[in-house]
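A short write-up of the structure that comes next.
Bear in mind these aren't lab numbers, they're just calculated from the coordinates by the rules spelled out. Remember, predicted model here, so these are calculated numbers, not experimental data. In this analysis, Cβ positions are derived from the backbone assuming ideal geometry, glycine residues included, and neighbour counts consider all displayed protein chains.
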Amino acid sequence: MNLQLFSKAPNATYRRESERSGHKEITDRLQTIIQDSRKRIVILFGGCSSEYSVSLQSAYAVICHLDQKEYLPVLIGITKTGDWYLYLGETDRISEDTWCGLKTNIPVSVCPNRHESCLMAYTEDGEFMKKIPVDAVFPVLHGRNGEDGTVQGMFELAGIPVIGCGVLASSLCMDKDRAHKLVSEAGIRVPKSFVIADDHNENYGIQNALYQAESIGYPLFVKPVKAGSSYGVTKVCKRTELADAIRLAFQYDDTVIVEEAITGFEVGCAVMGNEELTVGEVDEIELQSEFFDFTEKYTLKTSAIHVPARIDEDTAEQIRQTARRIYQTLGCKVFSRVDMFLTENGEIVFNEVNTIPGFTSHSRFPNMMKAVGISFEQILNTVIRLGLETGGREDKMGMVG
Ligand SMILES: Nc1ncnc2c1ncn2[C@@H]1O[C@H](COP(=O)(O)OP(=O)(O)O)[C@@H](O)[C@H]1O
Ligand SMILES: [Mg+2]
């Protein structure tokens with residue numbers, strides 16, 4: 001029971017006054033945002049995804065490197081359970097993950113009316129407070145409910161340009177199986193694979209998987225079709241390990257992909273652009289462990305990332321060309337990181353596209369661009385310009401229809 005509700009009159013009066021002054025302070029701050037002459041860029045961070053904490057680090061770096069002479073960051077934090085708040089607190093609290101639960105966090109939603117392009121701010125009790133017009137949204141979210149086209153769809157519907165891939169490319173790239181099928185159609189090698197759907201039976205069609213795995217051969221990789229940061233990924237070296245790996249992958253998605261293990265090493269390529277593409281330096285992951293798992297990705301305890309990759313220029317150029325083709329085949333816009341394998345005999349095999357790759361200052365995407373002379377600040381200016389461009393064009397197409 002909240003005793004404050006029953007406090008004596010003077011206290012109650014005091015509380016109401018302090019609430020009123022708190023409310024006034026918040027509406028004043030909203031008014032400052034509304035009157036700001038800079039372009040208002042919504043930065044989404046957190047998210048209802050297993051990669052929530054990775055997003056906090058990426059968003060922190062994006063906010064710190066944003067050109068604040070040109071752009072006003074309008075921060076929206078999404079909790080792990082999917083609640084949206086306009087965040088007015090200190091930036092450090094985002095990287096420390098102490099942003100949640102502050103009194104100044106304002107419940108917020110996106111207005112679907114295209115001509116308004118705005119956010120709607122509410123009081124804690126759900127009373128409408130203010131509309132905040134915005135110019136674009138930068139979802140700095142990783143994984144499900146952020147990188148998979150859902151958030152992109154909501155903003156596209158609302159007529160707010162998205163800094164990043166649109167709905168279709170985002171969902172395709174999130175789906176490792178369908179992305180492979182399209183890229184293979186474009187003549188690029190992909191790992192041999194099959195998928196298993198959750199049949200709501202404890203055994204998940206394991207007998208069938210064991211049978212199909214024979215034609216791929218061991219070792220193989222078992223992965224959730226739609227996840228990221230290596231969550232739920234297992235390298236399976238023998239038949240007896242397959243069932244557990246499948247059960248683990250099903251904890252992250254309702255469809256699981258079983259893939260041939262590609263020998264060689266992983267290479268990546270950062271791509272930016274809509275029609276004309278800018279491609280970063282190719283990077284290489286040097287692994288000591290079986291694969292690039294969550295811990296290795298974020299601590300590099302035993303692995304190393306080389307930019308540029310330790311390969312000859314011809315091979316690097318082939319990888320860049322392949323990355324461009326994959327980006328275009330999947331309909332990517334604005335920016336993405338294309339991940340591939342380079343086999344021992346020099347063949348390039350597609351792995352996946354990350355439409356919102358890690359964006360901390362030591363992440364792969366910014367480092368690949370840095371290696372061709374493009375700074376973090378320049379990346380942000382470019383992607384914002386490209387995103388604003390895309391939003392404008394899609395608006396016009398909508399009008400014709
Ligand atoms: N077919 C494969 N052959 C070899 N290694 C693989 C294969 N699939 C995944 N891996 C390893 O597992 C890691 C995570 O798999 P990936 O498909 O990139 O999923 P995520 O979206 O979680 O990053 C890769 O970085 C790589 O080290
Ligand atoms: Mg990956």
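Summary of values
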quantity: Contour minus Cα-Cα distance for residue 240 and residue 114 (0.36 nm per residue); calculated: 39.9 nm
quantity: Most mobile listed residue (296, 185, 389) in the chain, GNM with C-alpha springs under 10 Å; calculated: 185
quantity: Residue-count net charge about residue 264 - beta-carbon cut-off 10 Å; Lys, Arg +1, Asp, Glu -1; calculated: -3
quantity: Net charge of Cβ neighbours under 12 Å - reference residue 294; Lys, Arg +1; Asp, Glu -1; calculated: -1
quantity: Helix-only CD estimate at 222 nm, as mean residue ellipticity for the chain, using -39500 (n - 2.57) per DSSP H run (n ≥ 4); calculated: -11500 deg cm²/dmol
quantity: Acute angle (nearest 10 degrees) that the helix 376-400 long axis makes with the longest principal axis of the chain, alpha-carbon atoms; calculated: 80 degrees
quantity: Relative contact order (%) - criterion: Cα under 8 Å, at least six apart; region: the stretch 193-260; calculated: 43 percent
quantity: Potential lengthening between residue 314 and residue 287 on full extension [0.36 nm per residue; Cα-Cα distance subtracted]; calculated: 7.4 nm
quantity: Across 235/333; 130/226; 226/370; 39/333, pairs whose alpha-carbon gap is larger than 27 Å; calculated: 235/333; 130/226; 226/370
quantity: FRET efficiency for residue 67 and residue 198, using Cβ-Cβ distance with R0 set to 45 Å, rounded to 0.05; calculated: 0.50
quantity: Principal-axis tilt of helix 206-216 within the chain, Cα atoms, nearest 10 degrees; calculated: 50 degrees
quantity: Label-point separation in nm, residue 255 to residue 128, each point 7 Å along Cα→Cβ; calculated: 3.9 nm
quantity: Mean separation of Cα contacts under 8 Å, 6 or more apart, over the residue count of the chain: relative contact order %; calculated: 15 percent
quantity: Equivalent ellipsoid dimensions for the stretch 17-160 as semi-axes, Å, which come from the Cα gyration tensor, largest first; calculated: 22, 18, 16
quantity: Cα gyration tensor shape for the chain, rounded if a/c is under 1.5, else prolate or oblate; calculated: prolate
quantity: Net charge of neighbours whose Cβ lies under 12 Å from the Cβ of residue 210, counting Lys and Arg as +1 and Asp and Glu as -1; calculated: 0
